[in-house]
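Down below is the structure, laid out as structure tokens.
Please treat every number below as a calculation from the coordinates, not as lab data. Bear in mind that the values here come from a model prediction, so they are computed numbers and not experimental data. Here the Cβ is made from the backbone with ideal geometry for all residues, glycine too, and neighbour counts use every protein chain on show.
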Amino acid sequence: MNFFQLIDQLAEVDPDVLDRFDSRRAVFNSLGTLARRSALAATPLFMGALFQKAYAGTASVSTDVLNYALTLELLEADFYRQFIASTLIPGGAPAAAIAKIKQHEDAHVTLLTSTIRTLGVTPVAGTSTTGVRFKALPAGATYANYLAVAQVLEDTGVRAYKGRAAELIGAPNDLLTIALQIHSVEARHAAQIRTMRGQLPWINNNDDLKTDPAYLNGVRNATGTSLTLGGATFAIPAYDATKPSPLESNVLQGATAAAAAVNTATALGTPYTADDAAAAFDEYLQAAEVVDASRAGGLLA
Amino acid sequence: MSDHSFLSAWREQSLGRRLFLRVSAASAASVTLVAAGCSTSTPEPTAVDPYQLTLPAGDPGLLYYAYFLALTQAALYQKVTDTPPADLTAAERVIFADLRDHEVIYRETIKYVIDPTGATVLLPTDFAINLTSFTLTTRAGVLAAAQLLEDLTAAAYPTILPLFTSANIPQRTLLLKISSVQARHAATVRDLLTPGSFASSDVVENTGALAGQLRTKTPTEVMTAFAPYFAPYVITVANLAVPV
């Protein structure tokens, strides 16, 4: 085994390989998931140490992201608990749908809590009376009021997972895949809640709630770089005002190192309405935007 | 027929990366890596089958994979919107018009990312999506076809997104933005066909340690299911990085 020959060979086929080694997560990712998972025991010590180092480097970032995700899941789970307890939900299909969604949110809480604990970090926690929980809706809130909050929570959840997925690239235990699986389920919930509200299942310009901050960008208050909630403290990236998250009405997609973004409404050969083009893509939110008082942060008790 | 600019276009540009990824993602990954450290290897010749389209290795292959998913769905929804079944309601036709628009936008946006200048012909001239295995004359048949493709596509994305290399983060971000809307599509058509089934246990784990997570599918599983729609062509995903 000649490690330097290996590096040379990688450099031959992948000119960026030496740059990749500047980022442990990046080289880790580029070597493929399977290499991490099944073959570590068989690798020579040096290679093994390189991988171990990559694990160590990402663990803290990963648990910060997971605690952030867990905060949102606790918020959602407690919201649905209150929704069900309100006895406002009509029996039959609506009650069954909300019960199913609540069951998933509870499962996400369980999964994220145990994963964070496994990684040796204290998970955020919440009950109906302590820690991370939903701020009750005002007395007199209706079924429609609750459903509107559910839509905003679910759509925000989809944007929130997207916003931090990149930080889980190369993280151990396939955390990125797990986060993406949850993200996909949140999108299914969002579609269902929207259908129950008589809205189209995708975020679009005819939405009755389109001016809610959940679909816009920016923060109301400058936030710090850490949150202390529910018995845990975790870091979040500071709000970057120079790179605002895309609005949900964004139609510019597909920018790469090789080419500028394309206007998906006008430049794809077949003209579409800007509404169609924007609805086809869900945009991300920065963490600081999600926890801002104008969005999920304002729904915490 | 034998003039596949689809094949030659990517074969030239990605040979090096294909070699690298075949080395790094082979099933006995680290053993192969060790072997690669000791000696150089050369690419094997590609078998020539006029109906076989082999997706390139690495990130371009992932984009082509997503392209074929969008291509198939766009063809289905174009057919449904052109000749909707009589019993498809007006509200459902609005949904299908949106599904068609979204999938065509995906198809064209992904194509743009693969080939920004539009210089490359991505498909053989006689390639066409084959929808004959579906019953598209009834509402139930249309919804069943849509559910099948949407569930498969929604299950495909979480598997491939982590496979992108750090050199192609914008490409991954694009597909990430698409992935949740595909999940919305899947939930929507499921609920139209079987009310309340938007996240049933056949698509979302219901119990156990993985409860609440989407059931994902590998490129091989997805492309096996999609095979009838590409016939007589066969799309091979053997060069894609191996998901766990």
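Dipole of the range B:121-199 computed with +1 at Lys/Arg Cβ and -1 at Asp/Glu Cβ about the Cα centre; of B:176, B:144, B:155, farthest Cα towards the positive end is B:176.
Between residue A:99 and residue A:221, the modelled labels are 3.9 nm apart [label points 7 Å from Cα along Cα→Cβ].
Taking the range A:181-204 and a reference point 7 angstrom along Cα→Cβ of residue B:91, the backbone N atoms nearer than 19 Å belong to A:189-204.
The mean number of Cβ atoms from other chains found within 10 Å of a Cβ in peptide B:160-172 is 6, as a whole number. Contact order for the range A:159-301, expressed relative to its length and based on alpha carbon pairs under 8 Å spaced 6+ residues apart, stands at 28 percent. Here the alpha carbons of the range A:170-301 define both size measures, Rg and Dmax, at 16.9, 54 Å. Look at the stretch A:271-277: the mean tally of other chain Cβ atoms within 10 Å of its residues' Cβ atoms is 3.
Of interest is the spacing of the C-alpha centroids, which for the range A:262-301 and the range A:188-202 amounts to 16 Å. Look at A:185, A:152 and count the other Cβ atoms within 10 Å of each Cβ; fewest to most, that gives A:152, A:185.
Going by neighbour counts of Cβ atoms within 10 Å, the residues B:184, B:107 line up, fewest first, as B:107, B:184.
A straight Cα-to-Cα reach below 28 Å connects residue A:162 with the lysines A:53, A:100, A:102, A:135, A:210, A:243, B:111, B:177, B:217, residues fewer than 8 places away in its own chain not being considered.
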